[in-house]
1. Taking the criterion of being surrounded by 12 or more Cβ atoms within 10 Å (Cβ to Cβ) and not in a strand (DSSP E or B), would at least one residue in the range 141-148 satisfy it?
2. Mind telling me which of the residues ASP186, ASP200, ASP171 ends up being out of contact with any Gly (no Cβ under 8 Å at 6 or more places or on another chain) and more than 20 Å from LEU142 (Cα to Cα)?
3. What is the residue count in the range 72-106 for residues that are of a type in the set (Ser, Thr, Tyr) and surrounded by 16 or more Cβ atoms within 10 Å (Cβ to Cβ)?
4. Residues GLU207, GLU237: which one is of a type outside the set (Ser, Thr, Tyr), in contact (Cβ under 8 Å) with a residue 12 or more places away in the chain and in contact with a Gly (Cβ under 8 Å, 6 or more places away or on another chain)?
5. If you go through the range 230-269 one residue at a time, how many are within 20 Å of LEU192 (Cα to Cα), aliphatic (A, V, I, L, M) and open to solvent by 10 Å² or more (accessible area, probe 1.4 Å)?
6. Got a number for residues in the range 107-140 being part of a loop (DSSP other than H, G, I, E, B) and either surrounded by 15 or more Cβ atoms within 10 Å (Cβ to Cβ) or within 16 Å of ligand 1 (Cβ to nearest atom) (or both)?
7. What is the one condition in (1) more than 16 Å from ligand 1 (Cβ to nearest atom); (2) open to solvent by 60 Å² or more (accessible area, probe 1.4 Å) that PHE173 does not satisfy?
8. Does the range 195-203 contain any residue that is under 27 Å from PRO114 (Cβ atoms), within 16 Å of ligand 1 (Cβ to nearest atom) and touching a Ser or Thr at 6+ places or on another chain (Cβ under 7 Å)?
Amino acid sequence: MSQTTIKTQSETIIGRSLGGFYTSLFVPEYKSLFDVGTAFRIGASAKNLFLSHAHADHLGALPSLLGMRGLMGVKTPLRVFLPIELSSDLPDLLDTFSKMHRWTFEVDLVPLSPGDVTHVHGDLWVRAIRTLHPVPSLGYVLFRRIKKLKVEYMELPGPEIGRLRRSGNEDMFNVIERKEFAYLTDTLPDVLLGNPDIFDVRTLVLECTFLNEKKSIQNARAGCHIHLDELLPFIGEFKNDSVVLMHFSQLYSPDEVREIFDDRCPAEQRSRFQLLLPNSNQWWD
Ligand SMILES: [Zn+2]
Ligand SMILES: [Zn+2]
């Protein structure tokens with residue numbers, strides 16, 4: 001079972017996603033995995049896992065992934081960012097696996113509530129946001145905290161700026177947040193109403209499980225998933241450089257997903273969107 005690679009302006013997104021079956025994306029630029037409903041070798045080198053919720057198609061392959069890390073000799077425990085409600089159940093699950101394997105499945109948990117902000121690495125931070133699903137769930141917005149020279153210092157000659165910078169004069173800078181990447185899956189589309197800054201994140205990964213009348217909006221909402229009919233009214237709002245849609249239902253073949261989306265997405269917005277699909281017309285087995 002291989003995976004698909006999508007290039008955005010700043011990231012490489014490697015993974016596979018089929019609604020209800022498996023979702024896992026690896027983004028090497030952030031050394032991070034997003035969900036682990038399926039495990040693949042390149043993803044096992046990640047330092048961080050952002051877990052959206054505990055449905056099996058998003059979490060079920062965690063022991064496989066940790067096993068791969070053991071074989072690959074990765075010594076540092078995987079750091080797992082997860083909804084706070086799962087922070088005692090997940091260790092219980094891994095303890096059981098550890099007992100059965102006679103080998104310790106170790107992770108480093110970072111439990112989060114909606115609104116929490118925590119450091120990832122370097123200038124990269126994450127903000128957790130509440131997604132809308134029948135079980136505890138979170139979306140994640142990765143952003144960088146960047147120092148920008150204040151306007152009043154911009155006129156100074158370069159060497160003078162360098163001297164002040166070396167002197168540790170922090171007053172010279174404003175710290176700004178540059179929103180790089182958001183991961184929102186298994187959610188009602190109402191999450192977009194509650195978090196309008198999502199439309200400005202450079203790269204947005206968003207679920208779009210259902211695409212046409214094969215599933216009614218009502219039934220899509222009952223399972224707390226996004227239907228394209230409910231996304232299209234927002235379509236002019238997306239200012240992101242890239243929007244990657246994923247988690248399509250197996251009601252559609254990959255070619256049907258491409259055809260329906262090409263048909264329904266307004267032409268002026270189409271180039272902004274990429275679809276996480278196999279290159280062929282067969283879902284990843
Ligand atoms: Zn799912
Ligand atoms: Zn789910």
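The values are calculated or read from the model by the stated rules, or taken from the named source; none is laboratory data. These numbers come from a predicted model, not from an experiment. Positions of Cβ are generated from backbone atoms using ideal geometry, with glycine treated the same way; all protein chains shown enter the neighbour counts. Remember, those area values only see protein heavy atoms, side chains included, never the ligands or the DNA or RNA. Shrake-Rupley method; radii C 1.70, N 1.55, O 1.52, S 1.80 Å.
1. Within the range 141-148 (the criterion being surrounded by 12 or more Cβ atoms within 10 Å (Cβ to Cβ) and not in a strand (DSSP E or B)), the answer is no, since none of the residues qualifies.
2. Being out of contact with any Gly (no Cβ under 8 Å at 6 or more places or on another chain) and more than 20 Å from LEU142 (Cα to Cα) holds for just one of ASP186, ASP200, ASP171, which is ASP171.
3. Looking only at that region, the number is 1.
4. Every option except GLU207 fails the conditions.
5. Residues flagged as within 20 Å of LEU192 (Cα to Cα), aliphatic (A, V, I, L, M) and open to solvent by 10 Å² or more (accessible area, probe 1.4 Å) within the range 230-269 amount to 2.
6. Number satisfying all stated conditions: 9.
7. For PHE173, the failing item is (2).
8. no
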